[in-house]
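This structure is in structure tokens; I'll ask about it shortly.
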Amino acid sequence: MRCSRCGANVVEGDRFCENCGAPVAVQAGSVCTVCGQQSEPGMRFCQQCGAELSAGPQPAQPVPTAQPVPPAQPYQAVQQYAGQYGAAQPGAVFPPQAVQPPAQPSRPGESAGKGKKKTALIVGIIIAVLVVALAAGFGVWWFMLRDSGTQSAQTQSTSQQSGKTKSGDSKAAKDDKPCTAAPDAELSSVDHSDTNLVAQLQLTSNCASTKDGDTAEFKESDVKVSIKDDEGNVIASAVFDFSKQPVKFNGETANVALEFTTRQYWRPYDQIETGSAEVILQTGQSGTGEAGSADGDALAGSDIDSEDAERYAQLALSWQLKHDESAASRFYTTYTTQLSSKKNDMKADGKTWHYVDIYEQFLQQRIKHKNAILIWSGDYPTYTKADASTAYYVILSGDTVDSVKAGDAWCKSNGYGAADCAVVDLQ
């Protein structure tokens, strides 16, 4: 048999020409293997059901499985598709790039099974991660709760151990730290040691008790202690080093004695009102010079800033003049003795006198002569009748003498020469 298109020999039973791929015409009538309808010779499809006709009664052939088409054999792929989906029309051309092999179907249930397994695996991983995260979070919460409880217990214990101020308020506990807070202070009494002022103070601790129940010691260095009168005037001030003599509290209070030199206090000791005086302690203050030695258990201090001391001395001189006016009035009609006459910036006795020096001399004379007073020369006729511009701080012994002769005797008996002691009345 020959191909009706290209004339090539066709093997009996072939449905397509191996040379050009054209379908081989059916030469005889056939019976449709699908519906049994008799077909006329030359027909390729059954007129009754449309099924493809074979050359004779033949068993139904299985549809061949599509195979990948090699690039060099495009027409073989055309034959395979024609055999599976129907013969191509005569003269049809199928370019190689248009031919695509059918996708291989997966086995029934294969994709679904894999999908389910994969989904289950992902769900399992997520659940495991959540379980681990919850466990870790619970652990952190537990430890935080436990630490919070421990800190709360420690805070409560510390609060119970804290001391109280004299007003009854609780103070922060500092069991493992030194007491650095300055205590409160009250002036109990004043006295003198030679010409120095000795102040007895009662201190109230502002620090917590120790673990043994004792109040912590106060042993700060460079502590300025100032005493003020009821008008706010500073009448004593010096810087003390309590590390040399720590304050040991009996419970919350302690008594200490502080000694001030004549350049560190500005009020006669017996004119200081203890009940109305105010005592202030300031830590971290610097003194000048070295602290002197004190008698007994008293603690000596170093000088404060010289400008502050000069100002306090000038204010003290003004206070003293006013205070001593009444005592000076009795010497209008009788005699007393004059011990000094100085003014600021005056050069005498080998130095320049300032307010601190003038008041220091007054304090020294006041210790030696308990009736000594201070007056301003410009206020009394004895001094102004000779020089109206007179302006001196004058120290009087305050002792009464009946005559000039008696006054001269008083000067000699107290060890003064003619240049240092004179008999005066203020009229």
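The values are calculated or read from the model by the stated rules, or taken from the named source; none is laboratory data. As the structure is a computational prediction, the values presented were derived from the model and not from experiment. Every residue, glycine as well, gets a Cβ built from its backbone with ideal geometry; the counts of neighbours run over all protein chains shown. Each accessible area value is taken on the protein alone, full model and side chains, heavy atoms only, with ligands, DNA and RNA left out. Shrake-Rupley method; radii C 1.70, N 1.55, O 1.52, S 1.80 Å.
Enter the accessible area of W376 (Å², nearest 10), with the probe set to 1.4 Å and all protein chains included.
For W376, the solvent-accessible surface is approximately 80 Å².
Please report the net charge: other residues with Cβ closer than 10 Å to the Cβ of V190, K and R +1, D and E -1. All intermediate terms of the calculation are to be shown ahead of the outcome.
Working: positive: R267; negative: D191, D270, E273.
Computed value for this residue: -2.
Could you please put R330, R2 in sequence from largest to smallest accessible area, using a 1.4 Å probe?
Heavy-atom accessible area, descending, gives R2, R330.
Compute the distance in nm between two label points, each set 7 Å from the Cα along the Cα-to-Cβ direction, one at M346 and one at V129.
Distance between the two pseudo-spin positions: 9.8 nm.
Further question: Of K385/K412; K224/K343; K368/K412; K343/K368, which ones are farther than 26 Å apart at the Cα?
The answer is K385/K412; K224/K343.
Rounded to the nearest 10 Å², what accessible area does Y335 have for a 1.4 Å probe in the complete protein model?
Here the accessible area works out near 70 Å².
Can you compute the modelled spin-label distance between Q202 and D14, with each label point 7 Å from Cα toward Cβ, in nm?
Between Q202 and D14, the simple spin-label model gives 13.7 nm.
Another question, if that's okay. Compare C207, C35 by solvent-accessible area with a 1.4 Å probe and give them largest first, with all protein chains kept in place.
From most exposed to least exposed: C35, C207.
For Y332 and D387, calculate 0.36 nm times their separation in residues minus their Cα-Cα distance, and state this gained length in nm to one decimal.
Full-extension gain reported as 18.0 nm.
With a 1.4 Å probe and all protein chains left in place, how much of the accessible area of the stretch 225-275 comes from carbon and sulfur atoms, in whole percent?
37 percent
With every protein chain left in place, what is the accessible area per residue of the stretch 188-262 in square angstrom, probe 1.4 Å?
Working: 3220 Å² over 75 residues.
Heavy-atom SASA per residue in the stretch 188-262 reads 43 Å².
Something else now. Quick check: residue separation of Q48 and N255 times 0.36 nm, minus the Cα distance between them. What number comes out in nm? All intermediate terms of the calculation are to be shown ahead of the outcome.
Details: separation 207, 0.36 × 207 = 74.52 nm, distance 13.48 nm.
Extra length from Q48 to N255 when fully extended: 61.0 nm.
Figure the gain on full extension for A406 and R2 (residue separation times 0.36 nm, minus the Cα-Cα span) and round it to one decimal in nm.
Once the chain is fully extended between A406 and R2, it gains 127.3 nm.
What is the percent carbon and sulfur in the accessible area of the stretch 294-427, measuring with a 1.4 Å probe over the protein chains and ignoring ligands? Please report the intermediate quantities before stating the final value.
Values: 3140 of 6780 Å².
Answer for the stretch 294-427 is 46 percent, counting heavy atoms of protein chains only.
Determine the order of F249, F218 by accessible area, beginning with the largest, at a probe radius of 1.4 Å. Write down the numbers at each step before the final one.
Details: F249 20, F218 0 Å².
Descending order: F249, F218.
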